Amino acid sequence: MKAMILAAGRGERMRPLTDTTPKPLLTIGGKYIILLTIFKLQQAGITDLVVNISHLAEKIEAALGDGAAHGVRIRYSFEREALETAGGIAWALPLLDAKPFIVVNSDVYSDYDFSGLCKRAQALTVERPAHLVLVDNPAHHPQGDFALHEGVVSQTGARLTFSGIGAYHPALFADIPHGAKARLAAQLEGPIAAGCVTGEHFRGEWNDVGTPQRLAELDARVRARENRRIVTDAP
């Protein structure tokens, strides 16, 4: 099973931090955000990774290298200009092969267990090309994105928020011209309307690190939690 980490975005809402540091290399608890995701994937046995890069790409490559130091293999998909989510995935398809794969945003901080998503991904087909992980609506996104009815994603009903974590069949992106910008929501529109996208409601820890304030608040919580753990574990 391969996974793609989306790391090409400019991180406009994170400015001025992202003027000199790519968003995936901002830190939580002293660790790069993207490394925390890599650790979670590695724990689930997912070690073959593709990372798309664009803004300050050389800094991400320098920080992560080929992934060997972290027990994974990383290949990079460079975008001269960020192609948005679906466009970036389509551009990277030659590195992802012809089997279903997992995709996760690089700015997600979560305790989600990717092991179950591997099984969901393996069950995807051309006719049922996507599985989305949804979460409770955070304060900054109260309207949500999609509804979920008995494991099927829809546009009608009480909405949850897309977590930035999902599994996809490559056929979902086959009609995107190579190098074109494309939004994930547009690719999902038809399959969702046809009742062909499955989903799950994840109720564990999840944070979208989208602004400097949210980053600072999360960093403080993580550091406080780690300090409590150290005190508790002390002899």
message: Quick check: the distance between the Cα centres of region 118-158 and region 39-81, to the nearest angstrom?
response: 26
- request: Express in nm, to one decimal, how much length is gained between Gln122 and His201 on full extension, taking 0.36 nm for each residue of separation and deducting their alpha carbon distance.
  value: 26.5 nm
field: Mean residue ellipticity (222 nm) of the chain, computed from DSSP H runs ≥ 4 via -39,500 (n - 2.57), nearest 500
entry: -10000 deg cm²/dmol
- prompt: Which of the peptides 82-91, 209-218, 177-186 is most tightly packed, and how do the rest follow, going by the mean number of other Cβ atoms within 10 Å of each residue?
  reply: 82-91, 209-218, 177-186
field: Label-point gap, in nm, between Asp175 and Thr211 - each point 7 angstrom along Cα→Cβ
entry: 3.7
query: Does region 34-99 classify as rounded, prolate or oblate by the C-alpha gyration tensor (a ≥ b ≥ c root eigenvalues; a/c under 1.5 gives rounded; else a/b over b/c gives prolate, otherwise oblate)?
result: oblate
- prompt: Which lysines does Lys40 reach when only Cα atoms under 25 Å apart count, and residues fewer than 8 places away in its own chain are ignored?
  reply: Lys2, Lys23, Lys31, Lys59, Lys99, Lys119
message: Give me a comma-separated list of calculated 3J(HN,Hα) values for region 19-33, in order, Karplus coefficients 6.51, -1.76, 1.60 applied at θ = phi - 60°, integers in Hz, x for any Gly or Pro.
response: 5, 10, 10, x, 3, x, 9, 5, 10, 10, x, x, 10, 4, 4
query: Does region 19-67 come out rounded, prolate or oblate, given a ≥ b ≥ c as the square roots of the eigenvalues of its C-alpha gyration tensor, rounded meaning a/c under 1.5 and, failing that, prolate meaning a/b above b/c?
result: oblate
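We did not get these values from a lab; they are worked out from the coordinates using the rules stated. Note that the structure is predicted; figures quoted are calculated from it, not measured. For neighbour counting, all protein chains shown are included, and Cβ atoms are generated from backbone atoms with ideal geometry for every residue, glycine included.
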